[in-house]
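Everything below concerns the one structure shown next.
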Amino acid sequence: MASAATPQPELTPASDQNVATARKAMIDSQLRPSGISDARILAAMASAPREQYVAADQRAIAYMDRSVPLGEGRSLTAPFAQAMLLQTARPVETDKALLIGGATGYLAALLAPMVATLDVVEPATRLAGIAGSKAGDWHDGPLDQGYPRNGPYDLIVIDGAVEKLPPAIGSQLAAGGRLVTGVVERGVTRIAIGRKAGTAADAPVALQTLAETGMPVLAEFKEEKGWSF
C-alpha cells in the first residue's frame with residue numbers, strides 16, 4: 001500500500017515564488033502597457049527586491065499598482081509612478097544627482113547605478129525600522145531644503161508630488177540640468193520635468209507636466225492654504 005504523500009506547505013503571500021511572480025506581473029502588466037520602455041529601468045525593476053522596502057506584513061502588496069503606506073506620513077510610491085520618474089529623468093552615467101525623499105531606499109537603489117553620484121535626503125528619524133539597502137550617500141535633513149552643500153546638480157528627482165517648488169530646490173539645479181517630480185495640477189497629480197529658465201542660481205524652474213499618476217503629495221511641499229471669503 002502506497003504511503004500518503006507528504007503534505008506540502010502552502011505558499012505564503014510573501015513567499016519567494018509569489019514575490020517573483022508579482023515582480024514579473026509588475027513589469028508585464030503595469031509598466032510595459034503603460035509606456036515604460038527604457039530597458040535599463042525595466043531591468044532594474046525586474047531585479048530589485050521591492051518587497052524588502054516595506055514592512056513584513058506589507059510584502060504581499062509591494063508590487064501592486066498603488067502606493068504603500070510606510071508610516072510617519074510617508075509612502076512607497078507606486079511602481080508606475082517611480083518608473084515614469086526615472087524614464088522622464090533619463091539619467092546618464094555622468095549625472096551628479098540628488099534624490100529628495102529617499103523613504104526606505106527603493107528608488108535610490110534603482111537610480112544610483114545609472115548616475116555618477118547620488119545624494120539622498122531623508123530625515124534620519126523616519127522609517128528606521130524598515131531594512132532596505134541604502135544606495136547613494138544619505139543625508140539627514142528637511143526635504144524642502146534639498147542638499148545645497150553638494151549642489152548644483154545635473155539631475156534632481158523628487159519622489160512624491162509637490163504643490164509648490166521652493167526656491168531652495170531650484171537653486172540647487174545646474175544650468176541645463178533636469179528636475180523631475182510629481183505636481184498637483186487642478187487636483188490631478190502628474191509627472192513633470194523642469195529646467196531652469198536662465199543660468200542664474202536663483203532662476204526659476206519651468207515645469208512641463210506629462211503623464212497622470214497617483215503620487216502622494218509630500219507634506220513638506222504642500223501649498224499653505226489662505227483664508228477665503
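The values are calculated or read from the model by the stated rules, or taken from the named source; none is laboratory data. Quantities reported herein were computed from a predicted structural model and do not represent experimental measurements. FYI the Cβ positions are ideal-geometry reconstructions off the backbone, even for glycines, and counts take in every protein chain you see. Note: areas computed on protein heavy atoms with side chains; ligands, DNA, RNA excluded. Shrake-Rupley method; radii C 1.70, N 1.55, O 1.52, S 1.80 Å.
Computed quantities for the displayed model
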item: Test result for Arg23, touching a Lys or Arg at 6+ places or on another chain (Cβ under 8 Å) and either open to solvent by 40 Å² or more (accessible area, probe 1.4 Å) or assigned to a helix (DSSP H, G or I) (or both); result: yes
item: Selection from region 115-127 of residues that are at pLDDT 95 or above and open to solvent by 20 Å² or more (accessible area, probe 1.4 Å); result: Ala116, Thr117
item: Boolean, Asp154 is of a type in the set (Asp, Glu) and modelled with pLDDT under 90; result: no
item: Residues within region 156-177 that are buried (at least 23 other Cβ atoms within 10 Å of the Cβ) and part of a helix (DSSP H, G or I), tallied; result: 1
item: Complete set of residues in region 178-200 that are more than 18 Å from Thr77 (Cα to Cα) and buried (at least 21 other Cβ atoms within 10 Å of the Cβ); result: Arg178, Gly194, Lys196
item: Any chance Ala55 is open to solvent by 40 Å² or more (accessible area, probe 1.4 Å) and aliphatic (A, V, I, L, M); result: no
item: Strands (runs of 3 or more DSSP E) contained entirely in region 61-113, each with at least 3 residues that are at pLDDT below 95; result: 68-71, 74-76
item: Residue check, Ile130 at pLDDT below 95 and closer than 18 Å to Ile27 by Cα; result: no
item: Any hit, region 2-16, residues being part of a helix (DSSP H, G or I) and either of a type in the set (Val, Ile, Thr) or at pLDDT 95 or above (or both); result: no
item: Selection within region 59-77 - touching a strand residue (DSSP E or B) at 6+ places or on another chain (Cβ under 8 Å) and buried (at least 18 other Cβ atoms within 10 Å of the Cβ); result: Ala62, Ser67, Val68, Leu70, Ser75, Leu76, Thr77
